[in-house]
Every structure is written in structure tokens, then in C-alpha cells.
């Protein structure tokens, strides 16, 4: 070891093969469960986001349809009023 005692200079202590295997398996099981929970949470959030997006899309389409209907009604009324005025003006001239 050097005077400062770096990690590279420290001796590596061997572990028994059984301890490494069982602790590695337990660690892998925990990681797999954590990943499964994380993936499940992400999937739930994605499903919620998609549902919200679909709901907003339906609301937007509904509002656009209402706006279109209102505009078409207003335009139709104005066209009728102009036709009536034109026919009155034509009737005066003849």
C-alpha cells in the first residue's frame, strides 16, 4: 500500500461462492420487482395520459362542431336577409 492507502492497493477478500450466488439472486429479484413496478406505473401513467388526450380530443371536436353550426346558422341568416333586401329592391325598380 502507498502512504495514502488507495483503494487499488487494498487487498481483495474472497467471498464464498454460495454467498455471492444467493445475494446476487436476491438482488436480481429485487431489481426485477422494482423494474416491474416501475414499468407498471409508467404504463398506468401512459394509459391515463392517452385517456385524457382522447377526452380532450372529443371535447375539442364537439366545440368545433358547435362553432361550425353557429357560424353556418349566422351565415345562412345573413344570406337570407340579403336575398330579401335584394328582392325588395328589385321589386321597387320594376
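Read-outs throughout are calculated quantities, based only on the coordinates presented, and are distinct from any laboratory measurement. Quick caveat, the model's predicted, so the values are computed rather than measured. Because the Cβ atoms are built from the backbone with ideal geometry, glycine has one as well, and the counts that use them run over all protein chains shown.
Once the stretch 20-93 is represented by equal point scatterers at the alpha-carbon sites, with solvent omitted, what log10 I(q)/I(0) does the Debye formula produce at q = 0.16 Å⁻¹? For the requested q values the scattering log ratios are -0.79. Peptides 83-94, 67-78 ranked from most to least packed by the mean count of surrounding Cβ atoms within 10 Å: 67-78, 83-94.
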